[in-house]
Amino acid sequence: MKQKDNKTSKLSVDELTSYAKRRGFVFQASEIYGGLSGFWDYGPYGVELINNLKQAWWKTFVYNNFNIFGLDSAIIQNPKLWEASGHVAGFVDPMIDCKKCQHRFRADHVAGTESANLKELETAILDKACPQCDAKGAFTKPRQFNMMLTTHVGPAEDDATLTYLRPETAGSIYTNYENVRETVRGKIPFGIAQIGKAFRNEITPRDFLFRTRELEQMEMQYFINPNTSKKEYEQWREYTWKFLTEVVGLNKSNMSWHQHGEGEKAHYASAAHDVYYNFPHGNKELAGIHDRSSYDLKSHSKASGKDLSYFDDSTNKRYVPHVIESSMGVGRLFIAALTEAYTVEQVNGEERIVLKLKPQLAPVKVAILPLSKKLELSKLAKSIFTDVAGEYNVEYDETQSIGKRYRRQDEIGTPYCVTIDFDSIQDQAVTLRERDTMGQERIKISELKACLAKKLAS
């Protein structure tokens with residue numbers, strides 16, 4: 001892996017995938033059986049980073065706003081929900097096959113365009129070579145493929161029991177809109193947030209966690225007076241951008257706004273912007289802000305027969321709220337956070353890999369490292385572990401040399417290492433090492449827990 005001026009190295013997808021496996025962040029699902037395309041498992045450090053990212057999003061979007069409330073809905077819903085939302089009829093991607101090697105592809109990926117127009121795609125792929133076998137002029141005509149994953153609920157498998165694994169988490173927010181509003185006595189504007197799994201039968205899963213068949217989303221739907229759409233839209237664009245840059249710590253130079261044109265914008269959207277990030281595989285979508293107009297509530301109101309309009313007692317007028325959506329994929333944010341933090345440095349002529357995550361996001365906050373396995377030292381180190389552990393993830397490691405242990409903790413992003421040496425028994429003090437600067441200071445054991453809490457909170 002190349003050094004780049006002591007800053008974040010530009011990793012390839014293969015390098016990132018290899019690093020994530022080697023350091024216990026992500027494994028291929030059911031790897032011992034050859035894996036399954038589009039499915040991944042988060043390892044010991046991956047699950048911690050994922051949970052920290054989700055907690056940071058929840059605190060920012062829910063706890064920091066007095067009028068946004070949480071929801072955790074079922075993955076399987078009444079199939080009428082997806083009919084009303086348009087997913088059953090319209091949740092499609094353009095698909096092509098190579099007639100020579102029989103491999104299947106997303107037509108827009110092969111064409112290198114975001115167009116969904118089948119005629120335009122047919123023209124665009126005429127001179128394209130098959131990514132698998134390099135054959136030219138061997139593609140079938142583009143056709144639409146519905147990405148909904150189906151299942152059956154009940155003892156029989158027929159049309160009456162057919163349903164779907166949800167393709168996104170927003171649908172059940174709309175169907176619970178009235179329940180939440182009544183429960184919390186919500187007045188417009190207010191929002192509903194949800195983090196949860198979604199499933200999409202992607203034609204060609206690719207680019208590590210970027211495009212998968214099982215994914216996790218963080219979505220917030222903000223219900224507003226239609227007259228305030230433009231103002232609210234711009235405010236949530238700014239709010240989402242600040243979360244990514246200030247809370248997650250993504251560099252603004254690696255991010256940009258992409259505005260949806262008329263041909264790209266969804267039929268229900270009044271406005272749509274994506275936050276693009278410079279991923280290892282290119283500049284791609286990380287998050288989306290959409291003005292969904294009143295489409296969703298009107299569609300579900302019509303299909304269900306339930307009135308989802310809102311009576312504004314300050315104006316004595318009734319209207320169907322518009323919705324501003326802030327949405328991002330957990331896996332994509334995970335890749336962005338790793339890519340941003342991954343740094344290669346030269347230290348005394350040797351390469352040091354360090355994951356410079358914000359302390360709040362780091363999988364392990366503190367590592368307890370006794371200099372020796374000898375009983376007396378080990379006993380003291382374990383008592384320090386017991387005292388410090390509980391508030392956050394603390395790791396205990398007494399294998400290999402102290403230098404190798406430091407490097408391992410650097411590579412998984414641990415902000416602080418506590419070294420217990422033979423002097424610790426006499427002076428009741430330990431050495432505290434900081435990840436980024438590698439600076440060290442001697443701290444009294446009695447003051448260690450408070451010292452760490454203060455440093456990790458800053």
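Each Lys and Arg adds +1 at its Cβ and each Asp and Glu adds -1 at its Cβ; summed about the Cα centre, the range 220-281 shows a dipole of about 100 debye.
Could you pull out every one of the lysines with an alpha carbon less than 25 Å from that of Lys455, ignoring same-chain neighbours closer than 8 positions? Straight-line reach from Lys455, under 25 Å: Lys7, Lys54, Lys59, Lys242, Lys356, Lys358, Lys365, Lys382, Lys404, Lys444.
Here the range 92-146 is treated as an ellipsoid with the same Cα gyration tensor; its semi-axes, largest first and in whole Å, are 16, 12, 9. Here is the short version for the chain: Cys417, Cys451 have no other Cys C-beta closer than 4.7 Å.
Which trypsin sites (Lys or Arg not before Pro) does the range 146-209 hold that lie in a coil by DSSP with at most 14 other beta carbons within 10 Å? Mind dumping the intermediate values first?
Details: sites: Arg181, Arg185, Lys187, Lys197, Arg200, Arg206; in loops: Arg185, Lys187, Arg200.
Sparse-neighbourhood loop trypsin sites (Lys or Arg not before Pro): Arg185, Lys187.
The residue list Ile384, Ala341, Ile324 was ranked by how far each Cα lies along the charge dipole of the range 314-458 toward its positive end, using unit charges on Cβ atoms, and Ile324 comes out on top. Taking the alpha-carbon distance from Lys306 and a cut-off under 24 Å, which lysines remain once sequence neighbours fewer than 8 residues away in the same chain are dropped? By straight Cα distance, Lys306 reaches Lys80, Lys187, Lys298, Lys317. Full extension of the chain between Lys242 and Asn117 yields a length gain of 41.5 nm, computed as 0.36 nm times the residue separation minus the alpha carbon distance.
Once every Cα of the chain carries one equal point scatterer and solvent is ignored, give the base-10 log of I(q)/I(0) from the Debye formula at q = 0.06, 0.13 Å⁻¹, two decimals. Log10 I(q)/I(0), no solvent term: -0.33, -1.25. At q = 0.12, 0.20 Å⁻¹, what log₁₀ I(q)/I(0) does the range 147-305 have when each alpha carbon counts as one equal point scatterer in the Debye sum? So the normalised log intensities work out to -0.67, -1.56. Within the straight-line cut-off of under 16 Å between alpha carbons, the aspartates and glutamates reachable from Lys231 are Asp291, Glu325, sequence neighbours fewer than 8 places apart in one chain being disregarded.
Placing a pseudo-label 7 Å from each Cα along the Cα-to-Cβ vector at Ser446 and Ala303 gives an inter-label distance of 6.6 nm.
The slack between His258 and Asn227, meaning 0.36 nm per residue of separation minus the straight C-alpha distance, is 8.7 nm.
Please compute the contact order of the chain in relative form: average sequence separation of alpha-carbon pairs under 8 Å and at least six residues apart, divided by the residue count, as a percent.
Relative contact order, the chain: 14 percent.
The chymotrypsin sites (Phe, Trp or Tyr not before Pro) of the range 42-145 that meet both conditions, a loop assignment by DSSP and at most 15 other Cβ atoms within 10 Å of the site Cβ, are Phe66. Counting only Cβ charges, +1 for Lys and Arg and -1 for Asp and Glu, the dipole size of the range 301-453 around its Cα centre is about 420 debye.
For the range 364-457, just run the numbers: alpha carbon Rg, then divide by 2.2 N^0.38 Å, N being how many residues it has. Compared with the compact-globule rule of thumb, the range 364-457 sits at 0.96.
Calculate for the chain the 222 nm mean residue ellipticity that helices alone would give, adding -39,500 (n - 2.57) per DSSP H run of length 4 or more and normalising by residue count, nearest 500 deg cm²/dmol.
On the way: 15 runs with 139 residues, N = 458.
That calculation yields -8500 deg cm²/dmol at 222 nm.
Largest first and in whole Å, the equivalent-ellipsoid semi-axes of the range 215-268 read 22, 16, 13, each the square root of five times a Cα gyration tensor eigenvalue. With no solvent and one point on each alpha carbon, what is the Debye value of log10 I(q)/I(0) for the range 304-411 at q = 0.14, 0.18, 0.19, 0.20 Å⁻¹? The Debye formula, applied to the Cα set alone, gives -0.76, -1.03, -1.09, -1.13. Placing unit charges on each Cβ (+1 for Lys and Arg, -1 for Asp and Glu) gives the range 92-146 a dipole about its Cα centre, and among Ser115, Cys98, Ile125 the Cα reaching farthest toward its positive end belongs to Cys98.
I'd like to know which of Leu165, Pro370, Tyr19 lies farthest towards the positive end of the charge dipole of the chain, counting +1 on Cβ of Lys and Arg and -1 on Cβ of Asp and Glu. With unit charges placed on the Cβ atoms, the residue in question is Pro370.
About its Cα centre, the dipole of the chain is roughly 340 debye, where the only charges are +1 on Lys and Arg Cβ and -1 on Asp and Glu Cβ.
When each of the peptides 327-335, 121-129 is scored by the mean number of other C-beta atoms lying within 10 Å of its residues, the order from highest to lowest reads 327-335, 121-129.
Computed from the coordinates by the stated procedures, all read-outs in this text should not be read as laboratory data. All values derive from a computational prediction rather than experimental measurement. All Cβ positions, glycine included, derive from the backbone under ideal geometry; neighbour counts span all protein chains shown.
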